[in-house]
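Trainee: Encoded as structure tokens, here's the structure I'll be asking about.
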Amino acid sequence: MTAPSLGSRWRAVAVPMALLRLGGQAAEFVGWAILARRLGTSAFGDVAIAFLLARYAGLVADWGASFRGARDVAARGRHGSVHAYVRKRSLIAAGLGLGAALLAMAIGYAELAPFAVVVVSIGMSRDWIAIGRERGVRAGIPLAVQGTVLAVLSLLVTTPGGAALVVAAGYGLSVIISILLNPLEPELGDDEEMSSNTYGWILAAVLANQVTSSTDTVLLGLLKSSADAGIYAAVYRIPNAWLAILTLMLGSLLPMATTSRHDDIEGHHRLRARSLKVSAIGAGLVLLVTPISWFLVPVLFGPAYLSGRAPLVILMVATAVITLAAPLHPFAISSGRDRSYALILVLGAAGNVAANLLIIPVLGMVGAALTTLCAQTVIGVLLWRLAHEATAPSPGSSAAEPSG
């Protein structure tokens with residue numbers, strides 16, 4: 001019997017996972033849109049900022065597992081111990097979750113303390129194990145449940161505290177399901193020998209990417225107003241819905257990029273070329289629907305959010321740029337050049353924050369969107385260079401960069 005091709009393997013993982021997560025993301029989008037309407041711009045701005053801060057802490061607890069973890073599972077010991085990785089993430093998640101709850105109460109926002117569950121959920125999720133094992137259904141179920149719970153319960157919300165409880169319920173149930181669906185398996189090799197390789201370069205990359213894509217919302221709240229932050233956060237949900245799906249698809253591509261780099265380098269090159277063609281089509285589709293997004297704003301969020309239409313158009317163009325460069329991320333990670341990859345994203349994030357501090361006081365939401373577009377363009381160019389440099393050598397060659 002002929003072994004399935006890389007393309008067919010990718011589709012077998014990506015299609016069921018994408019369908020489940022697409023449903024979950026759509027439901028979560030509906031939930032956040034309902035919250036935006038029911039809470040009003042200022043209260044929703046406070047909730048959005050608290051949620052983003054919880055996500056930042058959760059991404060620290062995740063320790064880059066959303067990408068590196070799937071690679072490590074697929075590589076079966078070449079990049080370190082999965083068991084040690086899970087232990088480290090769990091300890092960090094518990095500590096940061098407790099810290100987030102205590103901080104919320106200490107600064108007078110006790111009603112937002114349930115967002116600590118978001119921290120724990122992201123840090124303890126095991127969806128990346130399912131992706132590394134090429135099990136798309138198991139990777140998709142938790143987020144489908146998460147979005148559904150948020151959408152249904154958001155109909156009951158009238159206060160920021162209620163919104164925090166609803167989000168906590170969705171994220172809490174999601175992580176429980178994720179752990180149950182992905183038990184740890186016995187490892188190959190010496191666990192003690194592999195356990196030291198839990199370095200944080202991919203964590204730095206993931207955090208930097210999050211900073212580039214969402215710190216502008218926080219800075220708008222600090223430099224302009226909570227209302228501006230709320231409007232910007234609401235309209236950002238439209239490109240974020242697409243970016244979330246895109247990220248999920250890239251995660252399913254990573255295991256195939258990793259295994260083919262070791263076992264089938266010609267197939268690896270074909271897979272990269274094909275994925276870049278698909279991403280170009282996706283970028284074109286984003287640009288095509290950009291005019292439609294202008295009219296969707298008042299329909300989805302109400303007339304109070306009309307001033308978010310101009311920044312949304314700019315954010316959609318930035319989303320097209322991100323989509324075009326999207327496959328470069330998993331192929332860079334599969335090469336094992338974690339440090340170079342992280343430095344590119346950190347550079348983009350630092351430039352984005354510096355530009356926002358200068359431009360937001362003058363141009364407000366439009367300025368924040370423009371800095372995002374510029375930062376994503378620079379990151380895309382640098383990733384293209386890294387991917388080109390990483391084409392020839394494999395991770396086991398002398399030219400490869402160590403993961404840590």
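Trainee: Show the residue pairs that are 6+ apart or on different chains and have beta-carbon atoms under 8 Å apart, the first residue being within the range 46-62 and closer than 16 Å to Ala208 by Cβ and touching a residue at least 40 places away in the same chain (Cβ under 8 Å), the second being among the small types (Gly, Ala, Ser) and outside any helix (DSSP H, G or I).
Mentor: Going by the 8 Å Cβ cut-off, the qualifying pairs are Asp62/Ser125.
Trainee: Kindly indicate whether any position in the range 388-402 is over 15 Å from Ile322 (Cα atoms), acidic (Asp, Glu), at pLDDT below 90 and not in a helix (DSSP H, G or I).
Mentor: So far as the range 388-402 goes, yes, one or more of its residues are over 15 Å from Ile322 (Cα atoms), acidic (Asp, Glu), at pLDDT below 90 and not in a helix (DSSP H, G or I).
Trainee: Pairs needed: first member in the range 299-315, over 18 Å from Thr372 (Cα atoms); second member anywhere, among the charged types (D, E, K, R) and surrounded by fewer than 17 Cβ atoms within 10 Å (Cβ to Cβ); C-beta distance under 8 Å; at least 6 residues apart or different chains.
Mentor: Note: pairs meeting the criteria are Phe301/Arg37; Gly302/Arg37.
Trainee: Then there's this: Can you give me the number of residues within the range 248-296 that are touching a Leu at 6+ places or on another chain (Cβ under 6 Å) and more than 18 Å from Thr323 (Cα to Cα)?
Mentor: Residues meeting the conditions: 3.
Trainee: Of all residues in the range 76-85, count the ones that are surrounded by fewer than 21 Cβ atoms within 10 Å (Cβ to Cβ) and either among the small types (Gly, Ala, Ser) or under 21 Å from the mean Cα position of the chain (by Cα) (or both).
Mentor: Residues that pass the stated criteria total 2.
Trainee: Could you please give the count of residues in the range 310-332 that are closer than 14 Å to Ala257 by Cα and either over 16 Å from the mean Cα position of the chain (by Cα) or surrounded by fewer than 23 Cβ atoms within 10 Å (Cβ to Cβ) (or both)?
Mentor: Result for the range 310-332: 2.
Trainee: Taking the conditions exactly as written (closer than 22 Å to Ser174 by Cβ, modelled with pLDDT under 85 and surrounded by 20 or more Cβ atoms within 10 Å (Cβ to Cβ)), does Val118 satisfy them or not?
Mentor: Against the criterion (closer than 22 Å to Ser174 by Cβ, modelled with pLDDT under 85 and surrounded by 20 or more Cβ atoms within 10 Å (Cβ to Cβ)), Val118 does not qualify.
Trainee: What single numbered condition from (1) surrounded by fewer than 23 Cβ atoms within 10 Å (Cβ to Cβ); (2) within 13 Å of the chain's Cα centre (by Cα) fails to hold for Pro239?
Mentor: Failing condition for Pro239: (1).
Trainee: If you take just the helices (runs of 4 or more DSSP H) that sit entirely in the range 4-111, which of them hold at least 2 residues that are closer than 23 Å to Thr159 by Cα, at pLDDT 90 or above and of a type outside the set (Ser, Thr, Tyr)?
Mentor: Once the helices (runs of 4 or more DSSP H) in the range 4-111 are filtered for at least 2 residues that are closer than 23 Å to Thr159 by Cα, at pLDDT 90 or above and of a type outside the set (Ser, Thr, Tyr), what remains is 6-39, 41-62, 82-106.
Trainee: Which numbered condition in (1) in contact with a Pro (Cβ under 7 Å, 6 or more places away or on another chain); (2) farther than 27 Å from Thr259 by Cβ; (3) buried (at least 24 other Cβ atoms within 10 Å of the Cβ) is the only one that Ala36 fails?
Mentor: Of (1) in contact with a Pro (Cβ under 7 Å, 6 or more places away or on another chain); (2) farther than 27 Å from Thr259 by Cβ; (3) buried (at least 24 other Cβ atoms within 10 Å of the Cβ), only one is false for Ala36: (1).
Trainee: Return yes or no: is Val137 under 23 Å from the mean Cα position of the chain (by Cα) and β-branched (Val, Ile, Thr)?
Mentor: yes
Trainee: Closer than 28 Å to Ala257 by Cα, out of contact with any Pro (no Cβ under 9 Å at 6 or more places or on another chain) and assigned to a helix (DSSP H, G or I): is that true of Arg339 in this structure?
Mentor: Spelling it out, it is not the case that Arg339 is closer than 28 Å to Ala257 by Cα, out of contact with any Pro (no Cβ under 9 Å at 6 or more places or on another chain) and assigned to a helix (DSSP H, G or I).
Trainee: Okay, next question. Just one of (1) out of contact with any Phe, Trp or Tyr (no Cβ under 9 Å at 6 or more places or on another chain); (2) crowded, with 20+ Cβ neighbours inside 10 Å; (3) hydrophobic (A, V, I, L, M, F, W, C) trips up Ile107, so point out which.
Mentor: (2)
Trainee: Could we say that Gly69 is in contact (Cβ under 8 Å) with a residue 12 or more places away in the chain, surrounded by 24 or more Cβ atoms within 10 Å (Cβ to Cβ) and touching a helix residue (DSSP H, G or I) at 6+ places or on another chain (Cβ under 8 Å) here?
Mentor: yes
Trainee: Please find, within the range 239-266, the residue that is modelled with the highest pLDDT out of those that are acidic (Asp, Glu) and in a helix (DSSP H, G or I).
Mentor: Once the filter is applied, the top-ranked residue is Glu266.
Trainee: Under 20 Å from Arg37 (Cβ atoms) and out of contact with any helix residue (DSSP H, G or I) (no Cβ under 6 Å at 6 or more places or on another chain): which single residue out of Val289, Val299 fits that description?
Mentor: The match here is Val299.
Trainee: Under 6 Å by Cβ, and 6 or more places apart or on different chains, what pairs join a residue from the range 332-348 that is at pLDDT 90 or above with one that is among the polar types (S, T, N, Q)?
Mentor: Sorted first by the residue in the range 332-348, then by its partner, the pairs are Leu345/Asn209; Gly348/Thr212.
The values are calculated or read from the model by the stated rules, or taken from the named source; none is laboratory data. What you are looking at is a predicted structure, and each value in this text was computed from that prediction instead of being measured. Counting neighbours? That spans all protein chains shown, and the Cβs are built from the backbone with ideal geometry, glycine included.
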